[in-house]
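In what follows, a single structure is set out as structure tokens and then discussed.
Since every read-out is calculated from the coordinates, none of them should be taken as a lab result. The structure presented is a predicted model; accordingly, all values stated were derived computationally and were not measured. All Cβ positions, glycine included, derive from the backbone under ideal geometry; neighbour counts span all protein chains shown.
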């Protein structure tokens, strides 16, 4: 189960992308990067952040701790920026946050940052599995902290849940977008990554991850549906996607071969 903290101070907006995340201080004296429920991408981005992030953790990737954070709309009353005040007001209640990693730097190939084939292959597999389009040279969403890679920002993953009618097609998608992955050139061990994933991902693990998603967020995925049915639909998607993994693995292997 994720921990829950209460935001006590709005520290700094992070004006990256369209969601306006921010650094906040919480009542445990920790600093967190909050993803606001009231941002343009809504609750589904938080569902993707939580579910994909916890899948990545199960696979063995470094993911900053994910917590629930309760936002009081009074948090923004002294904020001079109208857009931020409205965002905080519209996000009052339960939101999601990642542990802030002070001193971390964004992974940058131009700075000669490198990564091991094992981690790169697992990351490529993970992003193809969750259909995460946001790990490119333009937007790495990969931090280096104490010389270790940390994977962040998975709100753009699981894009099938924005249109459930397309889910059958997404299950067997080769995910051609993997060709743009920032770590693809190092991902020489996709078969090994696949073996790890198939050992670690199973129905109980996936069900446990989905059990942690708040009902109110799930209702944003399928209006009018029972939260239990929605959780089951997510688990079913992942299990069928796992069974179809040779399709996206072969695509990743071909894309890697074109680079080396």
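Could you tell me whether region 23-76 comes out rounded, prolate or oblate from its Cα gyration tensor? Rule is a ≥ b ≥ c as square roots of the eigenvalues, rounded for a/c under 1.5, then prolate if a/b exceeds b/c, otherwise oblate. Don't skip to the end; give the middle numbers.
On the way: a/c = 3.15, a/b = 1.40, b/c = 2.26.
Oblate shape, in that a/c is at least 1.5 and b/c is the bigger or equal ratio.
Which whole-number percent gives the relative contact order of region 4-99, counting Cα pairs below 8 Å spaced six or more residues apart?
Numbers: 179 pairs, mean separation 30.2, N = 96.
Relative contact order comes out at 31 percent.
Quick one: order 107, 151 by neighbouring beta-carbon count within 10 Å, fewest to most.
107, 151
Could you tell me the convex hull volume per residue, in Å³, taken over the Cα atoms of region 108-217?
Once divided by residue count, the hull of region 108-217 is 135 Å³.
Just the ratio, please: alpha-carbon radius of gyration of the chain over 2.2 N^0.38 Å, N its number of residues.
Working: Rg = 18.2 Å, N = 260, 2.2 N^0.38 = 18.2 Å.
Scaled against compact globular proteins, the figure is 1.00.
So what's the gap between the Cα centers of region 1-76 and region 86-157, to the nearest angstrom?
Between the Cα centres of region 1-76 and region 86-157 lies a distance of 13 Å.
What percent does the relative contact order of the chain come to when contacts are Cα pairs within less than 8 Å and at least six residues apart? Walk me through the intermediate numbers first.
Working: 454 pairs, mean separation 52.6, N = 260.
Averaging sequence separation for qualifying contacts and normalising by length gives 20 percent for the chain.
Looking at region 4-99 from every direction and averaging, what is the projected area of its Cα convex hull in nm²?
5.8
Based on DSSP, what percent of beta bridges with both residues in the chain are antiparallel, to the nearest 5?
Numbers: 26 of 29 bridges.
Here the share of antiparallel DSSP bridges comes out near 90 percent.
Going out from 0 in 5 Å bins, what whole percent of all Cα-Cα distances in region 188-260 drops into each bin?
Pairs per bin, as whole percents: 3, 14, 20, 17, 14, 12, 10, 7, 2, 0.
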